[in-house]
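Reading through the C-alpha cells given below for one structure.
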Amino acid sequence: MSQKRKVIITCAVTGAIHTPSMSEYLPVTASEIAEAAIGAAEAGAAVVHLHARNPEDGRPDQTPEAFLPFLQTIKQRSNCVVNITTGGAPTMSIEERVRPAATWQPEVASLNMGSMNFGLFPMLKRFESQLQHDWERNYIGDKSILFRNTFADIEHILTTLGANGTRFEFECYDTAHLYNLKHFADAGLVKGPLFIQTVFGLMGGIGAHPDDVMHMKRTADRLFGDQYRWSVLGAGRNQLPIAAMAAAMGGNVRVGLEDSLWSGPGKLAQSNAEQVRAARQIIEGLGLEVATPDEAREILALKGADRVAF
C-alpha cells in the first residue's frame, strides 16, 4: 500500500493582529506563549509560529530578549519546529522586525513577500466597547497602516537569516507576492523546497473565496512547479473552511489565535490546541496523516533543532 500523504500543521499562537482585550484566551506573557505552543504541538502542530508581547499590556514586542524565555521553554519541552516572525507588527521598522530571528537563528522564520495596506480597523466595530488599553484602540483603528516589505527589505532578511541556515515561511497575501518570490528564486537568493504560506481574508490582501484559493494555487504551481510546499492561512471565520479546502488539494494548513480567535460562530476558541485539534480532525477525516516535527523537517529541508541559538 502507498503511504498516506503527510500534512504539516503550523500553529501561530499569538501574533500581532488581535489584542488582549478581544479574548481572555490570547497568550500574552512568556509563560502563556510557551504553554500555548507546547499545547499546540501536543495536539498535532509540527511547527509553532511565534511573536512576543509586552506582559503588562499585550503590546507586540520585537526585542530578542522578549522571545528568549519562551523559546528556551519550548525547546526543553517539545520537539516542534520553531518559526520566529520577521513580520513583527506592521508599524515596526525592518531592522526591529528581523532582530529576534537574527539573534536566535531558528529553523524557520516568516518572511512577508510584499508591501501592502493593512486594514485591521473593521475589527473596531466588533470590539471597541471592550478594549482596555489606548494602544489597542489606536492600533486597530488606524486606517493609514502600510505594511512595508520592499525588495530591499526582503533581500536584507534573506541574506541576514540565510547565512545562519534559517529557512523561510514565505507569506504571500496576493498574487504579486508570488511573483516577488519568483524574482528572488530566479536571482538565486532562495532555493527549493520553498514553504509558501498563502494568506486569505485579511483586508489589504486577496479575499477568501474558493476562487481566490484556486487562483493562488494555480499561480504558484505555474511559477514554482514541484519546488515548493503549499500551505494556507485563512483569517477569522475563514480559517477552517480554507484549511479543509487546501488539505483536500494537497496542501498544508496553518491555524492559531494569531489568525482567528474563533472556534465557531460567536464562540471564542479557548486555546490554540483546540484549533489544532479541529484542523487535525479535518485532515484525518480526509484519510491523510498529520506530519510529526521530524517529518516536517524532512519535507521542508530544515537544518535541525540542534543548530539554533537558543
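Here, each number is a calculation from the coordinates, and none is a lab measurement. Keep in mind that this is a model prediction, so the values were computed, not measured. Note that each Cβ is placed from the backbone with ideal geometry, even for glycine, and that neighbours are counted across all protein chains shown.
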Inset, instruction - Show me 193-200, 97-104, 260-267 ranked by packing, highest mean number of other Cβ atoms within 10 Å first. - result: 193-200, 97-104, 260-267
Inset, instruction - Would you kindly derive the ³J(HN,Hα) couplings of segment 5-16 from the backbone phi angles with the Karplus curve 6.51 cos²θ - 1.76 cosθ + 1.60 (θ = phi - 60°), listing them in order in whole Hz, with x for Gly and Pro? - result: 5, 8, 10, 7, 9, 9, 10, 9, 7, 8, x, 9
Inset, instruction - Give a residue-ordered list of calculated ³J(HN,Hα) values for segment 138-153 (Karplus: 6.51 cos²θ - 1.76 cosθ + 1.60, θ = phi - 60°; whole Hz; x for Gly, Pro). - result: 5, 6, 5, x, 6, 8, 10, 5, 10, 7, 7, 8, 6, 4, 5, 4
Inset, instruction - Name the residues whose placed amide hydrogens come within less than 5 Å of the amide hydrogen of Thr14, ignoring near sequence neighbours (fewer than 5 apart) on the same chain. - result: His51, Glu258
Inset, instruction - List Cys11, Cys80 from most exposed to least, where exposure is judged by having the fewest other Cβ atoms within 10 Å. - result: Cys80, Cys11
Legend entry - Whole-Hz ³J(HN,Hα) from phi, Karplus 6.51 cos²θ - 1.76 cosθ + 1.60, for segment 78-91, glycine and proline x: 8, 9, 5, 6, 9, 10, 9, 5, 10, x, x, 10, x, 8
Legend entry - Over the chain: helical MRE at 222 nm, DSSP H runs n ≥ 4 each giving -39500 (n - 2.57), nearest 500: -12000 deg cm²/dmol
Inset, instruction - Specify whether the C-alpha gyration tensor of segment 6-307 places it in the rounded, prolate or oblate class, a ≥ b ≥ c being the square roots of the eigenvalues: rounded for a/c under 1.5, otherwise prolate if a/b is larger than b/c and oblate if not. - result: rounded
Inset, instruction - Amide H neighbours of Cys172 under 5 Å, at least 5 residues apart or on other chains, H built in the peptide plane: list them. - result: Gln197, Thr198, Val199
Legend entry - Ranked Trp135, Trp230, criterion: other C-beta atoms within 10 Å, fewest first: Trp135, Trp230
Legend entry - Extension reserve of the Phe121-Asn79 stretch, reckoned as 0.36 nm per residue once the Cα distance is removed: 11.4 nm
Legend entry - Rel. contact order, % - alpha carbon contacts under 8 angstrom, at least six apart, segment 152-307: 18 percent
Inset, instruction - Rank Met116, Met214, Met22 by mean-square fluctuation in a GNM of the chain with C-alpha springs under 10 angstrom and give only the top-ranked residue. - result: Met214
